[in-house]
Each structure stands twice: as C-alpha cells, then as structure tokens.
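Shown next, in structure tokens, is the structure this report addresses.
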Amino acid sequence: MASFSFPITTTAFVILLLSLTSNVFNNSAAKHSHSSSVKGIKNPRLQKAYIALQAWKRVIYSDPNNFTSTWVGPSVCNYTGIYCAPFPNNTKLQVVAGIDLNHADIAGFLPEELGLLNDLALLHLNSNRFCGILPLSLSNLTLLHELDLSNNRFVGPFPNVVLSLPSLKYLDLRYNEFEGPLPPPLFSKDLDAIFVNNNRLTNVIPSNLGSSSASVVVFANNYFGGCLPPSIANFANTLEELLLTNTGLSGCLPPEVGFLYKLKVLDVSNNKLAGTIPYTIAGLAHLELLNLAHNMFSGTVPEGICVLPKLSNFTFSYNYFCEEQGICSNLTSKGIVYDDRHNCLPEKPLQRSKKECDAVDEHPIDCLAFHCGT
C-alpha cells in the first residue's frame, strides 16, 4: 500500500498555523489549577507550558535518543522538539505553538497536564512508544490544527476527545491499538485528512461517511465489515485518496464511488466485494491508481476504465473476471502497470481453474440481496 505523509512542519509553519487559528482563541485554562508562578518565567503562558512539559518528562520512561535531556530549566522554547511563536493577540508574547517528537522512540504516556498547552497548533508524536489512553484534558487544545499520534501504542476506544477540537484539520491515528466503532461525529468535522488505518476498529463504516470535507481517507487494515455506504458520494467535492484495503468490506462496490470526480487513488483490495465493477468509475478522469485485487469481482473489466487519461496502475488480480474489453487485455501498450492474474480470463496465463470459474458463473451476484441500504 502506498504511504502518505505530510511534510515535517517548520517553525515558520507553526507560526502560520497559530495565526490561522487565532480567531478561535480560547483563554480557558486546563482542568488542573496552577496559580503559582514559576521562578524565572514571567510569561504566564510559558509558565503553564513549563508545568506541562515537566509533568510529561516525569512519565517518560525511556528516551534512548535523549530528546528530553534538554527539558531542564525555565527556557522551554529551547527544549528539543518544542517550537515557540508569537501569540496572535500579542506578538510580543511567546507561546509554545508546536511540539514535534516524530521518530524519537520515546516510551511513556500523555499526562493530564498536557491540557495546559492550550496554545498548541500542532502536536506530532509519530513513531514513538507512547501508550495508554489520551487524556480528556486535550479538549483544551482549541487551537490545535494537526494531531499526529501514529505508530505508537495507544489503546482503548476511539478517542472521542479529538472530536472536541474545533480547529483540527489533520488527524493521524494509524498504527495504534484503538478498538471498537468509529463515531459518526468524526465525519461531521471539517477535516482535511483522516488516517485511522492499522488499528483494531470494528463494526461497520458509519452511514454518514462523506459528510466530512476530507481529501484523504485511509481506513485500511481494520475489522469493519459490512458495505461501503452510498453516502461516500458526499465526498465528491474534496476526496482524492480513498484506501479501504483489508477492512472486511462485503457486498457490491456502490456506483456512487464513480461520483468522486477528484479521486486519484482508490484501493479496495483484500476484501469480500463481489459483483461487477461499477461503470461509473470510467468517469474518474483524475484516477491514477485503482486496486481491486483479492476480492470476488466478476464479469467484464470495462474498457472505459482502461482508457482513463491518468491511469498508471490497475491491479485486479485474484478475482473472477471473465473478459477484458478492448485495450484492457493489453495495458502494457499504454504504459500502465497492471496485474490480471488468477481470474477467469481465457488465453491468459496464471488463471483460476475452470472448476472455480464455473462455480461463480452458476451463481450470479444480485447486489440488492446484500441490503446495503441507501
């Protein structure tokens, strides 16, 4: 599966994020009361940051790269991984606007005191060994624009605290141990990117999928099951990448997928999808990668898909297709990387046995029988 990541945010970008979110500035303090001043720090906002960071350092149990060895003394803006920027309402005042501990290999957990960092615009903690559940005090981070907790060891149900962050645009929770259903309110948030792949999420994909304005949605490698809701069509004006590989999806691929006219990447491989390819996909003029492998699709591979102007990679192996229309039988001539192995294609090598193919022909798929709803 392709890897998608946003570039490392620079200090300049931190300042930009903070200025963009200044209109929703909230002076609410964290739930913990810390009225006493910190010696050597006159700035009250940096006083709170000092208290939060020192509390965090106390629950870090392994730091092999010594990222937090500089977290000593009152000069929090000089701590490794801590980025300060001018406060939007008073540019003479410095605040902790960003934390970037990506790839630090730190082990520990997130204390409640992190809620004191309510000037944060970004929190990047990917590729560490943080564990436990997310503190509810994170709801105080009303300016938070980017939250990346990927590749850690967080557990528990989906962390609903992230739904209370009014400025959040980028949410990355992949490669953790979150479990249970996805909350429908997730798709009512104005998010640009939703990464929840490689967790233990279950139940079905919420029927209000598509109410979000995200351009990238990655659900891969979870345990959802059920159908892909037709409401996916509501993503039409924004969605560019949809990755649903190995999520237990069943039923037929809804024709509404073809309404996602901005789509560049569609991967529904390693599921239990059946029926024919919706011909509406032939209208996805921006589609570059289409992966339908390891499902139970049957029928014809439509030429309309194979002639899409930007298509560069088309994988439909390990299905039950019996015909490739027109140029689909010779995609190499168009410079398209493809894989059509283990289907029921006559005169093509490495196909299924006649017995396997006849069994599918004898039981045609009725998509209505799956009762996927509207």
Can you tell me which residue in region 208-223 is nearest to N197 (Cα to Cα), limited to those that are open to solvent by less than 20 Å² (accessible area, probe 1.4 Å) and without any contact (Cβ under 8 Å) to a residue 40 or more places away in the chain? F219
Matching residues in region 258-277 - criterion: being under 19 Å from Y320 (Cα atoms) and touching a helix residue (DSSP H, G or I) at 6+ places or on another chain (Cβ under 6 Å): G275
Scan region 181-191 and tell me whether some residue there is at negative phi, open to solvent by 10 Å² or more (accessible area, probe 1.4 Å) and touching a strand residue (DSSP E or B) at 6+ places or on another chain (Cβ under 6 Å). no
Among strands (runs of 3 or more DSSP E) lying entirely in region 69-111, which contain 3 or more residues that are open to solvent by 40 Å² or more (accessible area, probe 1.4 Å) and farther than 16 Å from K57 by Cβ? 90-100
Any pair with Cβ under 7 angstrom, 6 or more apart, that starts in region 160-171 at a residue that is over 14 Å from L149 (Cβ atoms) and in a loop (DSSP other than H, G, I, E, B) and ends at one that is open to solvent by 10 Å² or more (accessible area, probe 1.4 Å) and of a type outside the set (A, V, I, L, M, F, W, C): P166/T142; S167/T142; S167/H145; K169/H145; K169/E146; K169/D192
Just to verify a result, which residue in region 192-206, among those that are of a type outside the set (A, V, I, L, M, F, W, C) and touching an Asp or Glu at 6+ places or on another chain (Cβ under 7 Å), is least open to solvent (accessible area, probe 1.4 Å)? N199
Would you confirm whether or not region 155-166 contains a residue that is at pLDDT 95 or above, within 14 Å of the chain's Cα centre (by Cα) and farther than 21 Å from L120 by Cα? yes
Taking region 294-318 on its own, how many of its residues are surrounded by 21 or more Cβ atoms within 10 Å (Cβ to Cβ) and out of contact with any Lys or Arg (no Cβ under 9 Å at 6 or more places or on another chain)? 6
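State all residues of region 53-62 that are in contact with a strand residue (DSSP E or B) (Cβ under 8 Å, 6 or more places away or on another chain) and open to solvent by less than 50 Å² (accessible area, probe 1.4 Å); if no residue qualifies, say none.
L53, W56, V59, I60, S62 - these are the residues of region 53-62 that are in contact with a strand residue (DSSP E or B) (Cβ under 8 Å, 6 or more places away or on another chain) and open to solvent by less than 50 Å² (accessible area, probe 1.4 Å).
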I'd like the residue in region 215-249 that is in contact with a helix residue (DSSP H, G or I) (Cβ under 7 Å, 6 or more places away or on another chain) and of a type in the set (G, A, S) and, out of all such residues, is nearest to Y170 (Cα to Cα). A236
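Any chance region 277-288 includes a residue that's surrounded by fewer than 15 Cβ atoms within 10 Å (Cβ to Cβ), of a type in the set (A, V, I, L, M, F, W, C) and touching a Leu at 6+ places or on another chain (Cβ under 9 Å)?
yes
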What pairs can you find where one residue is in region 330-357 and without any contact (Cβ under 8 Å) to a residue 24 or more places away in the chain, the other is open to solvent by 60 Å² or more (accessible area, probe 1.4 Å), and their Cβ atoms are less than 6 Å apart, with a gap of 6+ or different chains? L350/R341
Residue tally, condition farther than 22 Å from N65 by Cα and either open to solvent by 20 Å² or more (accessible area, probe 1.4 Å) or in a helix (DSSP H, G or I) (or both), over region 127-159: 9
Quick one: which residue in E323, E288 is modelled with pLDDT of 95 or more, under 24 Å from E240 (Cβ atoms) and among the acidic types (D, E)? E288
Give region 325-347 a look and list any residue that's open to solvent by less than 60 Å² (accessible area, probe 1.4 Å), touching a strand residue (DSSP E or B) at 6+ places or on another chain (Cβ under 8 Å) and either within 30 Å of P206 (Cβ to Cβ) or of a type outside the set (V, I, T) (or both), or say none. C328, L331, D339, D340, N343, C344, L345
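The values are calculated or read from the model by the stated rules, or taken from the named source; none is laboratory data. Nothing here was measured: the structure is a model prediction, and the numbers come from that model. Note: ideal-geometry Cβ built from the backbone for every residue, glycine included; neighbour counts use all protein chains shown. The protein model used for the area step is the full one, side chains on, heavy atoms only, and it has no ligands, DNA or RNA in it. Shrake-Rupley method; radii C 1.70, N 1.55, O 1.52, S 1.80 Å.
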